[in-house]
Amino acid sequence: MRFSFWPELAEELMDIERPGRYLGSEIGAQPGSEPDERGFILRTVLAFPEVYEIAHSHLGHKILYHLFNHQKGFSAERVYAPWPDYEKRLLGRPLRSLETRSPLSEFHVVGFSLQYELSYTNILNMLALGGVNPRRAERAEGTPLIVAGGPGAANPEPLADFFDVFFVGEAEDAWLGDYTIIKDWAYAQAPKAELYERLAGRPGVYLPALFEPEYEKGQYLGSIAKKAGYETIPRATVARLTGSPFPSRQIVPWVKPVHDRVVVEIARGCARGCRFCQAGYIYRPVRERERQEILTLVDQNLAATGYDEAAFLSLSAGDHSQIESLCAGFMGQWAEAGVALSLPSLRVKSLSPALAQQIARVRKTGFTIAPEAASARLRAVINKDLTEDDLFAACQTAFSLGWRTLKLYFMTGLPTESPEDLQALLQLTQRVKKMSRAQINVSVATFIPKPHTPFQWRNASSEAEIQARLKILSAGQKPGLDIRYSSAEAALVEAILARGDRRLAPVIEDVWRAGARFEAWNENLKVELWKEALERRGFALNDLLGPKDPAKPLPWERIGPFVQREFLLRELVRAENAQTTPDCRQAGCQGCGACAGKAQELAANLAANMATPPTPDSDQIRSRPILETVLKKGRPAGLSSGQETRFLVEFTKTGPMSLLGHLEMVEALKKSFRRSGLPVAYSQGFHPQPKLSFMSALPLGLESLSELMVVTLTERKSSELLRSSLDLPEGLDIIRVQILPPNAKKLKVASISYLIEADKAIFIDQPLHSAASINYTDSKGKTRRFELAEFVVAAIPDQRRLTLVIKPGLTGTPKPLAVTRALYGLNEEPLKIKKIATNLA
């Protein structure tokens, strides 16, 4: 991986938080595909309005990146929201993509992922920073097409004045047809009105410029379609998940993301019908990926990335018809390699002891249960098929298999919730706590009535109501029982935006111009900005939060329908009567309309998947082309019959790699060793780790020509094989590999040599302050005093250069720049520093 833009990035990224967010050139990143027959490439930048660590964890983003960069005539790059310190550092320079460092204004298409409402101000900020006017009506011809997709497109109206196109539904089957039209438009440099004309009527394409909303006395009356025959927007769906495009070489990030693992989508959609869950309605019907394809995708991604954890992803992973066989097939191949499996979304009733045992075979990756409501009555209201006995049985299974941390998800503010329901929540969590000494973490989210759900007509809670409920819940905190909840302010803003219409566009713009950024982070949300903007624009909070009249149109009803309006109204009545609705896969069709006449075809696909049991041979065949060497690389310590061999490896950490923190560099090296096929030895314990030990930790931003690590292999290999097997990025370059004798003593660092350079000749004589001392205040505020005579081994001046040799201390070592300034009585003179040698005892 080469960093073509390093010289200009060096100054830009120095001294900001986590500069690795902006480096690009990660393992798996792609420069794009070939031009089409005209020599043209439609350039798209995929924009995610969140910080790198969160954006990178999003599966849809990975799939889109794969789609564009594997089709001739298309390319996709990435850009994420800059953290405030980096935004300040831009100093008038435009926000640019990671791959080619191009400003957003130079792309044909800027495509945003809409995941949650509290990212809306980030969208406007990214457009403006990228040189694009956020307002659609104010953008000139020849500027990028601004598009969006994701669950937020289920109600695009609050953002309608900012976007040209919303893609509603699922991309895999529809994207090529849509984007071929866009490519032809971009090649011809035609007006956007011509593009709108060609896209109108395609499944999943919503063009807000072709609809005009109507209001009367502040009430939404509906919208007028400006183009005949283009009145509703049928969603785009993927008919069959098996065979649909999916990345086989996912990007390996420099900075640890929220979910740091390989992810494979095993199913899409959910028919459980939880009435609060928007995803459960807009991603219907249920489609499964076939077992063999899932396991092959896992194999390919683990081999290509070097991860030691994989996740089977869906809205309810335990509902996959072959989930136990899938887990057994995965573990049969990867348990020996120390690769763990995570099932991040399991229904309580789908967790069997056999499934839990499979998950726990390597290490316990996390155990989460989502009762959502604590009383049987309230669970019936939200259609949650779960009893207390089910919950306690699942907890007992986890505790018996050794889990020592358990997470429970609940919601507050649900329709018909009473104070008794809140007390039931506290009582239930305390009963779970009494079952074990395990740490119980309880997360409580505030219910938001979302579009396209039965509760879309219900009112949202006021800020005062939310605060009152959270005060009751806070009383349940006990040792070993941690109850956390989202802020009332965040819930208020989310509720307003989730069910809003186009009149909110100026409100969003006002709040952004007032400085709002990263509002999904509680410390950044300033709810007063929203209240002031709403009042200035003539809105009353009670009107925005109040119930919707089922007899009147809703702002988002041009979109879809995902499920039929009549079905949602029936479900609302059943909820008010605390009546449940069964899963259609067991009880037959319930009339939601999501299958759109394809019920028999979908049922046949599911039946075929369930009727094709795996054979032992299939897993063996799968392993041969991919895993024969890969499995060796992660063999835990003690499983090899060979003698362990230790290697001393000296390597550089220069250029872009100097902007990785020590732990980030360690993770990059671990993954490189796992990808290499080398038989690295592993530690014992709960979370076995590769036996890589480092002589010293390098401060962020400091370049080094001499870093040392000791690597232990379970088999004897040559130094040259070790060196040639690693695919390391530019800046992490191996310069020496030495086999250590079996009886070699533990290596210790005697001293570290640094080269300090100044702009002028200030290092002429020997240090004037040889008896100096310095005070150092660490990150915890503790001040320490260092007597330099105890640490400075040598200081060799040479005009503009100083070679400084420092001995590490047992309880801390002074910083070389601070030592230099103290020795020579320097204040603010600019100095450059590089580590040039690690000297062993």
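A few notes on this one:
- Residues satisfying the stated conditions in segment 333-349, i.e. in contact with an Asp or Glu (Cβ under 6 Å, 6 or more places away or on another chain), assigned to a helix (DSSP H, G or I) and either open to solvent by 20 Å² or more (accessible area, probe 1.4 Å) or in contact (Cβ under 8 Å) with a residue 60 or more places away in the chain (or both): K349
- All positions within segment 243-276 that are over 23 Å from the mean Cα position of the chain (by Cα), of a type outside the set (A, V, I, L, M, F, W, C) and either closer than 19 Å to S57 by Cα or buried (at least 17 other Cβ atoms within 10 Å of the Cβ) (or both): R272, G273, R275
- The single residue among E324, E293 that is surrounded by fewer than 21 Cβ atoms within 10 Å (Cβ to Cβ) and closer than 25 Å to A171 by Cβ turns out to be E293.
- Pair list, Cβ under 8 Å, 6 or more apart: segment 820-835 residue over 15 Å from L755 (Cα atoms), other residue surrounded by fewer than 17 Cβ atoms within 10 Å (Cβ to Cβ) and among the charged types (D, E, K, R): E829/D759
- In the set G142, G111, only one residue is outside any strand (DSSP E or B) and either touching a residue at least 40 places away in the same chain (Cβ under 8 Å) or open to solvent by 10 Å² or more (accessible area, probe 1.4 Å) (or both); that residue is G142.
- Identity of the residue in segment 25-73, of a type outside the set (G, A, S) and in a strand (DSSP E or B), that ends up nearest to the chain's Cα centre (by Cα): F48
- Qualifying positions in segment 439-481 - touching a residue at least 12 places away in the same chain (Cβ under 8 Å) and among the polar types (S, T, N, Q): Q439, N441, S443, T446, T453, Q456, N459, S461, S462, Q467
- Out of V511, V573, sole residue that is farther than 18 Å from G280 by Cβ, modelled with pLDDT of 95 or more, under 27 Å from the mean Cα position of the chain (by Cα) and part of a helix (DSSP H, G or I): V511
- Candidates are the residues of segment 514-532 that are under 22 Å from the mean Cα position of the chain (by Cα) and in a helix (DSSP H, G or I); the one that is surrounded by the most Cβ atoms within 10 Å (Cβ to Cβ) is N524.
- Scanning segment 724-767 for residues that are under 30 Å from Y824 (Cβ atoms) and of a type in the set (V, I, T) yields V749, I752, I756, I762, I764.
Rundown of residues vs (1) hydroxyl-bearing (S, T, Y); (2) in a strand (DSSP E or B); (3) touching a residue at least 24 places away in the same chain (Cβ under 8 Å), yes/no style:
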site	(1), (2), (3)
Y215	yes, yes, yes
G222	no, yes, yes
A228	no, no, no
P247	no, no, yes
K256	no, no, yes
H259	no, no, yes
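- Among the residues making up segment 34-63, those that are touching a strand residue (DSSP E or B) at 6+ places or on another chain (Cβ under 6 Å) and open to solvent by 30 Å² or more (accessible area, probe 1.4 Å) are I41, R43.
- Residue count for segment 15-33, restricted to those that are surrounded by fewer than 21 Cβ atoms within 10 Å (Cβ to Cβ) and over 23 Å from S248 (Cβ atoms): 3
- For segment 797-814, the tally of residues that are under 28 Å from E11 (Cα atoms) and either in a strand (DSSP E or B) or open to solvent by less than 90 Å² (accessible area, probe 1.4 Å) (or both) stands at 11.
- Restricting segment 399-434 to residues that are in a strand (DSSP E or B) and open to solvent by 10 Å² or more (accessible area, probe 1.4 Å), the residue that is modelled with the lowest pLDDT is T405.
- Residue in segment 759-783 that is farthest from G812 (Cα to Cα), counting only those that are under 48 Å from the mean Cα position of the chain (by Cα) and at pLDDT below 70: S779
- Members of segment 353-365 found to be touching a Leu at 6+ places or on another chain (Cβ under 9 Å) and of a type outside the set (A, V, I, L, M, F, W, C), listed by number: P353, Q357, Q358, R361, K364, T365
The values are calculated or read from the model by the stated rules, or taken from the named source; none is laboratory data. All values reported here derive from a predicted model rather than from experimental measurement. Ideal geometry is used to build each Cβ from the backbone, glycine not excepted, and the neighbour counts take in all protein chains shown. Remember, those area values only see protein heavy atoms, side chains included, never the ligands or the DNA or RNA. Shrake-Rupley method; radii C 1.70, N 1.55, O 1.52, S 1.80 Å.
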